[in-house]
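Working notes, beginning with the structure itself.
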Amino acid sequence: MDIVFATKNAHKISEVQSILAKGYTVVCPEQLGFNGEIPEEEVTLEGNALQKARFIYKMFNLPCFSDDTGLEVESLNGAPGVYSARYAGEGKSSEDNIVKLLREMSDKGNRNARFRCVIAYIDSSGAEHLFEGIVNGRILFEKQGDEGFGYDPVFSPEGFNISFAQMSPIEKNLISHRGRAVNKFADYLTEVIKGRGI
Ligand code: IMP
C-alpha cells in the first residue's frame, strides 16, 4: 500500500521506509507531482504535524503522515519548541540557532532539555492518529562533535557523556525522539497489516 510522507526531506523518507513494515511503500508529494510548499503555521508540534498531513491527504486522498520536531528547554519554558528551526530568525543557520541558545542559557544552572517528535497519520478512512517520541537530556555549555545536524552538537542524551553529534547515525536513531516516534508508528502499521491478514 502506498503511504505519502508529507515532507521534502529525502533523508527522512529513506529512513522511515527502512523501518516501516514490508506492506507499505513510502512516497513523497513530489513523486505525485506536487512541488509546492506544505503549510506549517500552527503553534504546537501536534498542530503542525496534523496541518501538513491534512494538506497532503486532501490533495491526493491517500493515507498520509507528517512529522514535526522541537527542542524543549526547561529553563526557557519549553523554547525553542515548535520554533526550533527558526529560533535565531527566518533563514538563519543551525550555527546561529546554537549561538542564540547558548547565549540565552549562559546564566542557567538547569540544563534539562528534551527533543520531542510528533508524527500525525491520516489513514485511508480519514481517521487521525498521533505518535510521540521523546529523548530527555541536557544542553552542553559548548559544542561537541560534528556528526548529525541542528542542535546535535549541544544536546547530550540522558545516560551519555557525549553529544548527539558524537554518535553514529545508527547509535543516535536507536534512542532518538524521531527513532522512537517512527518505531511506534511502524508498530501500529504492522498491527494494522496483521489485522487485515496480509
Ligand atoms: P523538523 O520538524 O524535523 O524539521 O525539525 C525542526 C528543527 O528541530 C530542525 O530544523 C532542527 O533545528 C531541530 N531538530 C529536529 N530534529 C533534530 C535532531 O535530531 N537533532 C538536532 N536538531 C534537531
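The values are calculated or read from the model by the stated rules, or taken from the named source; none is laboratory data. Everything numeric here is computed off the predicted structure, so don't read it as measured data. Ideal geometry is used to build each Cβ from the backbone, glycine not excepted, and the neighbour counts take in all protein chains shown.
Couple of notes before you dig in:
- Within segment 11-28, residues that are modelled with pLDDT of 90 or more reach partners that are loosely packed, with under 14 Cβ neighbours inside 10 Å with beta carbons closer than 6 Å, at six or more positions or on different chains, in the pairs THR25/ASP2; VAL27/ASP2.
- Test result for GLU104, over 17 Å from the mean Cα position of the chain (by Cα) and acidic (Asp, Glu): yes
- Boolean, GLY126 is outside any strand (DSSP E or B), without any contact (Cβ under 8 Å) to a residue 12 or more places away in the chain and more than 14 Å from the ligand (Cβ to nearest atom): no
- The set of residues from segment 67-92 being over 18 Å from the mean Cα position of the chain (by Cα) and over 30 Å from ALA186 (Cα atoms) comprises SER75, LEU76, ASN77, ALA88, GLY89, GLU90, GLY91, LYS92.
- Selection count where residues are hydroxyl-bearing (Ser, Thr, Tyr) and away from the ligand (no atom under 12 Å from the Cβ), scope segment 55-74: 1
- Test set (1) part of a strand (DSSP E or B); (2) within 13 Å of the ligand (Cβ to nearest atom); (3) within 13 Å of the chain's Cα centre (by Cα); (4) farther than 14 Å from PHE5 by Cα - PHE131 fails condition number: (2)
- With respect to (1) of a type outside the set (A, V, I, L, M); (2) more than 20 Å from the chain's Cα centre (by Cα); (3) within 11 Å of the ligand (Cβ to nearest atom), the lone exception for GLU147 is condition (2).
- Filtered residues of segment 164-179 (kept if more than 10 Å from the ligand (Cβ to nearest atom) and buried (at least 20 other Cβ atoms within 10 Å of the Cβ)): MET167
- Options LEU50, LEU62: the member that is of a type in the set (A, V, I, L, M, F, W, C) and closer than 20 Å to PHE115 by Cα: LEU50
- Residue, surrounded by the most Cβ atoms within 10 Å (Cβ to Cβ), within segment 86-112, restricted to residues that are in contact with an Asp or Glu (Cβ under 9 Å, 6 or more places away or on another chain) and in contact (Cβ under 8 Å) with a residue 40 or more places away in the chain: SER94
- Filtered residue count, segment 39-72, keeping only those that are at negative phi, out of contact with any strand residue (DSSP E or B) (no Cβ under 7 Å at 6 or more places or on another chain) and surrounded by fewer than 17 Cβ atoms within 10 Å (Cβ to Cβ): 8
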